[in-house]
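Undergrad: One structure, pasted below without further comment.
Taken together, the values in this text are just the output of simple stated rules run on the coordinates, not laboratory data. Please read all numbers here as calculations on a predicted model, not as lab measurements. Note that each Cβ is placed from the backbone with ideal geometry, even for glycine, and that neighbours are counted across all protein chains shown.
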Amino acid sequence: MNKIIQVEHFSKKYGDFTAVDDISFTVNEGSIFAFLGPNGAGKSTTINTLCTILDKTEGSLMINGHDVCRERSLVRKDIGIVFQDSTLDSQMTVEENLKYHCSFYKVPKNEVRERIDFALDLVELTEWRRAAVGSLSGGMKRRAEIARGLVHDPKVLFLDEPTTGLDPQTRANVWEYIQRLQKQKNMTIFLTTHYMDEAEVCSKIVIMDHGKIVAHDTPENLKHQYTGTEVDVVCTQTEPFMAALQERGGSYRKDGNKLVFHTKKAPAALEILSAHKAAITDFEVKKGTLNEVFLAITGKEIRES
Amino acid sequence: MNPITAILQRNLLNYVRSKGRVFGSLFMSMFMLVMFSFLMKSSMSGLDAPMSYLVSGVIIMSVFQVSINNSSDILSDISSGYMKEVLVAPIARTQISMGHILSGAVIATLQGVVTMICGIVLGLRVGILQILLLAAVMLVSAMAFSAIGLFLATVSRNSPAFQTLSSMIMMPLTFVSGAYIPTTIIPGFLLPIVYLNPLTYTTSIFRYIALGAHTLTTEELVGQGMAFSIGGFVITPLMGLAITILIGAFFFALCVRKFNRADFSTIKVAAGMQGGGAPARR
């Protein structure tokens, strides 16, 4: 698989403060890659350096074979960016924003119309193309920004916190657009988020904390490695069940007539459940989430902004 | 569309759409023209055509003010975040600077032309050829002024700082340019500032054309404050225009250098990292 982004030993310091501390990672072409971590972990610094608007302190960053800090204009051609804060021109209409963007990126004249149509259709803003950006809602602005970021067919689309501050429905829509885009155009998508649950759809995840990479794997592997299966059982008689759990070893928790215990794999719970089948009135098996992965790795919940 | 044209078109469209700004700015130019023309008329005694002399000075001064004020456009682009969109685009930094300088210059020239038409009503006597030449001089000097303004804007980075900085620079330069007070009556200790001031030269070339002064001898030009004798070396109005262009080019280069720095928009970047991230750079 072609490595479209290669970062080696990248560090960024602001005076005495180290925002990013010697990180290395690669991103496969055509994948959805997520940077997770709490605010202040160094995600935005990394993404801004990859987007050519910050200078590195040390290390090497390459996108599509070009050095991010030395071949800026070549890198800029290959990337599309949706920043955390709006960078739209609010006095202009949605279409004008996209049109000027096409001029900046030298999109061939005969393709401009078609590309704008495609982008607006993808984010469902076709009806709003002549509306002034300033009059749009927050969610629509974010969609317009995504449309603008992809209208020049970038090799890599960077999305810095694309769903922060959006309502659940718009958030779901944005994820749908991102996945559709990756499938239809085989575009590489690099995003940061602090919503762990949203990162499930990504091919690879990097978890950052305090400027360092603390985990780098697929969501499945991370969950497998750091979390187990939680089983909640409600029984009429808790004593025999508790005895069985004690015998089995491992911790459990009692909450009224509900018992909570953990197993590494779900089938392992089957044996104990079937042995006490008669006493069970209800049960639930919960798979580990990325939130738990994060908790296990960093020892803290991811902070909401 | 070429990126310069795109930036130019976008800025002009933005300008036209903010009606309040168009009228406010035009009103200011008119107000200055009428007020100064009548108030200062008496200080211009001893000239052949005091009204034309004064009106032409006020017109070029309004071009200067509009150019500098329009440079603050880039500040609203920085605060709205749009500047980031431009900075991450594969556009040469010379093109970004040129696009912004041109848009400021075009707006200033258009307003200058409107002011000139009012000036004609007030008693400025010029022919068609002169009008065309004057418009060309306005465009060239407006580009130099816009380059200066853009540089001031990129240095100050926010609107209040720019307001303070620009008025600090605009006020004295305006008063020692000869536009309102003839350079011939400015006290000697201020003369070095007069000669370093690009406005002095734009005013002189502008008057030179407006008054049809090509028939005058060098001594007469110096006597009327349209040429300057520095230790025996005479700077003619045309040389003055060349000096203006050089000053403009110098500030253009400074702007490009400013845009070339990757961390140009750090304020915005740092603001984007609120809640942790990196502290804002000093």
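Undergrad: Share of antiparallel DSSP beta bridges in the protein assembly as shown, in percent to the nearest 5?
TA: DSSP beta bridges in the protein assembly as shown are roughly 70 percent antiparallel.
Undergrad: Taking chain B as the reference, fit the longest principal axis to its C-alpha atoms, fit the long axis of helix B:19-39 to the helix C-alpha atoms, and give the angle between the two in degrees, 0 to 90, nearest 10.
TA: Compared with the principal axis, the helix lies near 30 degrees.
Undergrad: What average count of beta carbons from other chains do you get within 10 Å of the Cβ of residues in A:90-101?
TA: Counting Cβ atoms of other protein chains within 10 Å of each residue's Cβ and averaging gives 4.
Undergrad: Another question, then. For chain B, set up a Gaussian network in which alpha carbons nearer than 10 Å are linked by springs, and say which option among B:S76, B:S37, B:S56 fluctuates the most.
TA: Among B:S76, B:S37, B:S56, the largest mean-square fluctuation in the Gaussian network model of chain B belongs to B:S76.
Undergrad: Angle between the Cα long axis of helix B:128-156 and the longest principal axis of chain B, 0 to 90 degrees, nearest 10?
TA: So the helix axis and the longest Cα principal axis differ by about 40 degrees.
Undergrad: Tell me the angle of helix B:3-17 to the major Cα principal axis of chain B, expressed in degrees between 0 and 90 and rounded to the nearest ten.
TA: 80 degrees
Undergrad: Specify which residue in the list B:N2, B:F38, B:F64 is farthest towards the positive end of the charge dipole of the range B:1-115, using unit charges on the beta carbon of Lys, Arg (+1) and Asp, Glu (-1), about the Cα centre.
TA: The one lying farthest along the dipole's positive direction is B:N2.
Undergrad: Counting pairs of Cα atoms in chain B, how many percent are more than 27 Å apart?
TA: When every Cα pair of chain B is considered, 41 percent fall beyond 27 Å.
Undergrad: Evaluate the distance, in nm, between pseudo-label points positioned 7 Å from the Cα of B:L39 and of B:A136 along their respective Cα→Cβ axes.
TA: Using points 7 Å along Cα→Cβ, the separation is 3.4 nm.
Undergrad: Taking other Cβ within 10 Å of each residue's Cβ, how do B:L238, B:L102 sort, fewest first?
TA: B:L238, B:L102
Undergrad: I need the Debye-formula profile for the protein assembly as shown: one equal scatterer per C-alpha, no solvent, reported as log10 I(q)/I(0) at q = 0.08, 0.10 1/Å, two decimals.
TA: These q points yield log10 I(q)/I(0) values of -0.68, -0.90.
Undergrad: Find the lysine pairs in the range A:33-140 meeting two conditions, Cα atoms under 18 Å apart and a separation of 8 or more places or different chains, and report how many there are.
TA: 5
Undergrad: Looking only at A:R70, A:R253, A:R129, which one moves most when chain A is put into a Gaussian network model with springs between Cα atoms under 10 Å?
TA: A:R253
Undergrad: Now for a separate question. Have a look at B:T184, B:T244, B:T200 and tell me which one the Gaussian network model of chain B (Cα, springs below 10 Å) gives the largest fluctuation.
TA: Sorting by GNM fluctuation, first place goes to B:T184.
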